[in-house]
1. So which of ASP148, ASP140 ends up being modelled with pLDDT of 95 or more and open to solvent by 30 Å² or more (accessible area, probe 1.4 Å)?
2. Being under 30 Å from LYS209 (Cα atoms) and without any contact (Cβ under 8 Å) to a residue 24 or more places away in the chain, is that true of even one residue in region 91-98?
3. Go through region 157-209 and count every residue that is at positive phi, small (Gly, Ala, Ser) and either open to solvent by 30 Å² or more (accessible area, probe 1.4 Å) or touching a Lys or Arg at 6+ places or on another chain (Cβ under 6 Å) (or both).
4. Within region 33-55, take every residue that is open to solvent by less than 70 Å² (accessible area, probe 1.4 Å) and hydroxyl-bearing (Ser, Thr, Tyr) and give me the one that is farthest from ILE88 (Cα to Cα).
5. Taking VAL27 and the conditions (1) touching a helix residue (DSSP H, G or I) at 6+ places or on another chain (Cβ under 8 Å); (2) in a strand (DSSP E or B), which numbered condition does it fall short on, given that it satisfies the others?
6. Please identify the pairs in which a residue from region 195-220 that is among the basic types (Lys, Arg) has its Cβ atom under 9 Å from the Cβ atom of a residue that is open to solvent by less than 60 Å² (accessible area, probe 1.4 Å), counting only partners at least 6 apart or on another chain.
7. Show the residue pairs meeting these rules: Cβ distance below 8 Å; 6+ apart or different chains; first residue within region 6-32 and more than 28 Å from LYS85 (Cβ to Cβ) and open to solvent by less than 90 Å² (accessible area, probe 1.4 Å); second residue assigned to a loop (DSSP other than H, G, I, E, B) and basic (Lys, Arg).
Amino acid sequence: KEVTLIDAETQQVISKISGELGDIQSVAFSPHSEILATGGCAPEACSTNEGQITLWDITSPEQPKLLTSFPAHRAQVKTLAFDPKRPILASGGYDENIILWDISNPQEVTRAGPFLQGHASFVKSLAYHPNGNILASASDDKTILFWDVNNPEKTSTIGPRYREHLAAINSIAFHPDGNQLASASNDNNVLLWNYHPGNHSLTLDKTLKGHTGFVTALTY
């Protein structure tokens, strides 16, 4: 129920954020690091089946300022991702939904479109393509989906459903050049995929084996 901001170079604690926060499952920085989003459960705990997202102004990381806190999802919020081009925050939850939020006024957040429904279990990870037009999602249903979010109000799935992992997928990330996607799973493996922007498709490149337990997070 607390977030710690740490200087990545010196490993020194900059500040700590606490208050009316429930369990925190996810954090995300906005593209230019002015805003920190945290997602998880309402302060009453996850037993209430109410997710919560909180936004903080961290232009001065030594003194984070609360912008807003609002209910989100009918279960805990598991993953957050900022659109790299637009003032949109995407969230995925244990209610199997993805929601796009308009944060152009971060003190009065509104939904930017309909619930995005396509997964058959918890949504565990979200990743925007660097161009901002495509959102990838991964789930406990062992699949990866792509969403056309160029127009958030008319978001739809594109391409096939990818299912190569043998267990729940916990984390996905696009390479900064946008040509590769990595996925990590409870099958103990990391898969590297080639992403083809022309038809928004994936082809499996290689499987990275080495862990002897669940791979729960990854980043480039």
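The values are calculated or read from the model by the stated rules, or taken from the named source; none is laboratory data. Here the structure is a predicted model, which means the values were calculated and not measured. Cβ coordinates were reconstructed from backbone atoms using ideal geometry, including for glycine residues, and neighbour counts include every protein chain displayed. What goes into the accessible areas is simple: the full protein's heavy atoms, side chains included, and nothing from ligands, DNA or RNA. Shrake-Rupley method; radii C 1.70, N 1.55, O 1.52, S 1.80 Å.
1. On the way: ASP148 fails: modelled with pLDDT of 95 or more.
Of ASP148, ASP140, the one residue that is modelled with pLDDT of 95 or more and open to solvent by 30 Å² or more (accessible area, probe 1.4 Å) is ASP140.
2. Within region 91-98, none of the residues are under 30 Å from LYS209 (Cα atoms) and without any contact (Cβ under 8 Å) to a residue 24 or more places away in the chain.
3. Taking region 157-209 first, the residues at positive phi are 159, 178, 188, 200.
Remaining after also requiring small (Gly, Ala, Ser): 159, 178.
Subset that is either open to solvent by 30 Å² or more (accessible area, probe 1.4 Å) or touching a Lys or Arg at 6+ places or on another chain (Cβ under 6 Å) (or both): 159.
Result for region 157-209: 1.
4. Taking region 33-55 first, the residues open to solvent by less than 70 Å² (accessible area, probe 1.4 Å) are 33, 35-43, 45-46, 48, 51-55.
Next, only the ones that are hydroxyl-bearing (Ser, Thr, Tyr) stay: 33, 38, 48, 54.
Working: SER33: 14, THR38: 15, THR48: 27, THR54: 14 Å.
So, considering only residues that are open to solvent by less than 70 Å² (accessible area, probe 1.4 Å) and hydroxyl-bearing (Ser, Thr, Tyr), the one farthest from ILE88 (Cα to Cα) is THR48.
5. All conditions are met except number (1).
6. That search, which allows pairs on different chains as well, returns LYS206/LEU191; LYS206/LEU192; LYS209/ASN188; LYS209/ASN189; LYS209/VAL190.
7. Final answer for the pair search is SER18/LYS1; LEU21/LYS1; GLY22/LYS1; ASP23/LYS1.
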